[in-house]
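**Q** Below is a structure I'd like to ask you about.
The values are calculated or read from the model by the stated rules, or taken from the named source; none is laboratory data. Just so you know, these numbers come straight off a predicted model, no measurement behind them. Cβ atoms come from the backbone with ideal geometry, glycine included; neighbour counts cover every protein chain shown. Note: areas computed on protein heavy atoms with side chains; ligands, DNA, RNA excluded. Shrake-Rupley method; radii C 1.70, N 1.55, O 1.52, S 1.80 Å.
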Amino acid sequence: SKGEYPHYMRKEIEMQDVSLANAIQGRIDDDGTTPDLDPFPPGTFAAIERIQFVACGTSFHAAKYGAQLLNNAGIPAQSFRASEYDDSIPVDEQTLVVAVTQSGETADTLRAFECAASGGARTVAVTNVVGSTAAREADDALFIRAGPEIGVAATKTFSSQVVVLSLLAHRVSADVADVAPWDDPAAFYDALERLPEDVRTVLDRGDAERVAEEFLGSDAFFFIGRGPGYPVAIEGALKFKEITYEHAEGFAAGELKHGPLALVTPRTPVFTVVTGDDNGTTVTNAEEAQTRGAPIVAVSAPGHRIDDVADASLQIPASHPDLAGLLANVQLQLLSYHTADRLGRAIDKPRNLAKSVTVE
Ligand code: F6R
């Protein structure tokens, strides 16, 4: 039940400290520097040379985030929108194809998965639903343990997908012989163990509600980011359009000047996600929008140089760069929620959308 909450979506956002603790529980080895990921003991992925993710919507954004982490670790990884995946994509026995699907029933994702399996790939389903079609059809399944998600808009399941994919990325990179060890894994695992607390800090801030109020009535809402901030920018925009029905777009920060800047005006706030030090390039991109009059809202940890530019901010606690995007996304979930709430939208059941999409 929704309990004290006005919407399931609100409850699902609010309880992410708990759902993330579940996703992590028992999955970090005692040494605190390696994953302990049932059903994947060390060495499981020794023969794997490349990873392909297939997913739709929000799950695609989590997959894109996961692919970034793998690439950073030196493993070739690509993410595909499942509806665009077919037998023209080369796969072989050294390819691991990971379907990321909350429900485990999304038709496009299941079809892409079948296509990969018939090409000889090894398959893993990352899903929330034990006994789902994806879990049954995969060689192996990895569960995100987020609990049932009732709101049509995916929130807690995105966060749990990101965490589980980061653990899978660590498992694969440890198994693949000619890849250098992950840089300072202890720092990542420390931040991972702190993550439920850090999410709680974001949830208790209250700045998203104020910012939502401040920008109500804008012509459009833009979200930019680079690296792991890019999947967060496109996820922020997807959530915003789904539940507010306002025009929202996510862009790679560096792409603004290649076209979208033409849309930027004083009536289009630009939410700028920064997840680490990128030598200030994303700040420069935000300034390009600010010069055209756009209000800049920083989604960042304190002390980042975006603070010198920003007109408003959605703060996140300092964390590991691989997890900062997840925290930034929680702020954007709250922003969408409070905006939709102010507009009186049908938050748990947005028009035209279904929780599980079982047609191609
Ligand atoms: C967005 C949303 C959808 C789903 C997509 C995939 O909030 O919920 O974009 O993410 O339909 O669904 P699953 O993850 O069940 O495959």
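**Q** Leaving out ligands and nucleic acids, note down the accessible area per residue over the range 136-241 with a 1.4 angstrom probe, in whole Å².
**A** 35 Å²
**Q** Step through the table entries 2/241; 156/257; 64/239; 64/156; 257/349, compare each Cα-Cα distance with 27 Å, and write down the pairs that go over it.
**A** Those over the limit are 156/257; 257/349.
**Q** How much solvent-accessible surface does residue 330 expose, in Å² to the nearest 10, with a 1.4 Å probe and all protein chains in place?
**A** About 0 Å², rounded to the nearest 10.
**Q** Also, I was wondering about something else. Charges at C-beta only: +1 for Lys and Arg, -1 for Asp and Glu. How large is the resulting dipole of the range 1-67 about its Cα centre, in Debye rounded to 20?
**A** Rounded to the nearest 20 debye, it is 460 debye.
**Q** Spin-label point model (7 Å from Cα, Cβ direction): what's the residue 47 to residue 305 distance in nm?
**A** Going from the residue 47 label point to the residue 305 one covers 4.9 nm.
**Q** Cut-off under 15 Å on the C-alpha distance; same-chain residues fewer than 8 positions from residue 11 excluded. Which aspartates and glutamates are left, in chain and number order?
**A** Filter leaves 149, 204, 341, 348.
**Q** Can you give me the long-range amide H partners of residue 299? Hydrogens built in the peptide plane at 1.01 Å from N, cutoff under 5 Å, separation of 5 or more residues or another chain.
**A** 272, 273, 274, 314
**Q** Let me ask something else about it. Using amide H atoms built in the peptide plane, which far-off residues or other-chain residues are under 5 Å from residue 251 H to H?
**A** Answer set, sorted by chain and number: 223, 224, 225.
**Q** Quick one: putting +1 on the C-beta of Lys and Arg, -1 on the C-beta of Asp and Glu, what dipole do you get for the chain around its Cα centre, in Debye to the nearest 20?
**A** About 1120 debye.
**Q** Sticking with this structure for a sec: Lys/Arg Cβ at +1, Asp/Glu Cβ at -1, dipole of the range 1-81 taken about the Cα centre: which of 18, 28, 52 is farthest positive-ward?
**A** 52
**Q** Based on the alpha-carbon gyration tensor of the range 236-289 and its eigenvalue square roots a ≥ b ≥ c, which shape applies: rounded if a/c is under 1.5, prolate if not and a/b is larger than b/c, or oblate?
**A** Verdict is oblate for the range 236-289.
**Q** When the distances between all Cα atoms of the range 223-358 are binned every 5 Å from zero, what whole-number percent does each bin get?
**A** Values per bin, smallest distances first: 2, 11, 21, 24, 19, 13, 7, 3, 1, 0.
**Q** Principal axis extents for the chain, Cα atoms only, whole Å, descending order, please.
**A** 52, 42, 41
**Q** For a quick check: with amide H placed at 1.01 Å from N, whose amide H comes under 5 Å from residue 309's, ignoring anything fewer than 5 positions away on the same chain?
**A** none
**Q** Explain nothing, just the number: dipole magnitude of the range 221-360 about its Cα centre with +1 on each Lys and Arg Cβ and -1 on each Asp and Glu Cβ, in debye rounded to the nearest 20.
**A** Roughly 480 debye for the range 221-360.
**Q** From the residues 350, 328, 313, which one has its Cα farthest along the dipole of the range 300-360 in the positive direction, the dipole being from +1 and -1 charges on Cβ of Lys/Arg and Asp/Glu about the Cα centre?
**A** 350
**Q** If you roll a 1.4 angstrom probe over the protein chains with everything in place, what fraction of the accessible area of the chain belongs to carbon and sulfur, to the nearest %? Before the final figure, lay out each step's value.
**A** Details: 6610 of 14000 Å².
Exposed carbon and sulfur together represent 47 percent of the surface.
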